[in-house]
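Remarks on the structure that follows.
The values are calculated or read from the model by the stated rules, or taken from the named source; none is laboratory data. This is a predicted model, so every value here is computed, not measured. Note: ideal-geometry Cβ built from the backbone for every residue, glycine included; neighbour counts use all protein chains shown. Accessible surface is based on the protein model in full, side chains and every heavy atom, while ligands, DNA and RNA are left aside. Shrake-Rupley method; radii C 1.70, N 1.55, O 1.52, S 1.80 Å.
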Amino acid sequence: MTTSSPITAGQNGSHCTIEPNILCFGTPVVLLSTENEDGSFDLAPMSSAWALGKTVVLGLGREGQTARNLDSRSELVISLPASSQWRAVERLAPLTGRNPVPADKPEGCRSEHDEFGAAGLHPEPSHLVRPPRVAECPLQLEARAERVPPDASGSFVTVEAAVHKVHVDPRIVVPGTDHVDPAAWNPLIYNFRHYFGLGAELGCSYRTRTPRGPSTRA
């Protein structure tokens, strides 16, 4: 098996135009825990997530169980798996808490009540919200959905979730600080429906405040 080298744009700016069916151009995978109507818990993977300060914005299919839960029960946990956990995420990917399976779900999707167990993951009690954290994930965010408006197309909802508590594996924290060590944390990235981790650090922003941890020192 050969691996391709990263491509950079040429000097002449020669690009082609395409019509991709998705625009998953490389974002972190997150696992969302929410509460079902019967008091059980749903676990769903997704990759349309980004953070602004202490708010995480999530893009969800309107007919999915997660969107349905957040419409009436605002508490959730956003757990971020490491790159090495991609197989567990992929076991979870074809599952849905909805029964029957919504018509807009892709072929091969099936209903599953115990999504934690089916993925080989374990629930861990949260401190401030009812949905559990994913015990195996190195980074876990307890949050509440403040707004769940529809997107422009009407096919999705955009969740604005305020983060109230952050749990982190101490192995990815710069010792003695509240900073995640970016050289120790390797999130799972979803890139045009393929799973990736991070490569070696190239540099840092002038805005960084992260002290140099053991894993970032030469």
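Things worth noting here:
- Taking amide H positions as modeled 1.01 Å from N, with prolines and chain starts lacking one, the residues under 5 Å from Val173 and 5 or more places away or on another chain are Asp181.
- Ordering of 70-79, 86-95 by packing [mean C-beta count within 10 Å, highest first]: 70-79, 86-95
- Per residue, the chain exposes an accessible area of 63 Å² to a 1.4 Å probe, with every protein chain left in place.
- For the chain, a simple Cβ point-charge model (Lys and Arg +1, Asp and Glu -1, everything else neutral) yields a dipole of about 640 debye relative to the Cα centre.
- In order along the range 99-110, the Karplus-derived 3J(HN,Hα) couplings, from 6.51 cos²θ - 1.76 cosθ + 1.60 at θ = phi - 60°, round to 9, x, 5, x, 5, 8, 6, x, 4, x, 6, 9 Hz, and Gly and Pro are given as x.
- Across the accessible surface of the range 1-153, with the other protein chains kept in place and a 1.4 Å probe, carbon and sulfur atoms take up 52 percent.
- Within the chain, helix-based [θ] at 222 nm, where runs of 4 or more DSSP H residues each add -39,500 (n - 2.57), nearest 500: -2000 deg cm²/dmol
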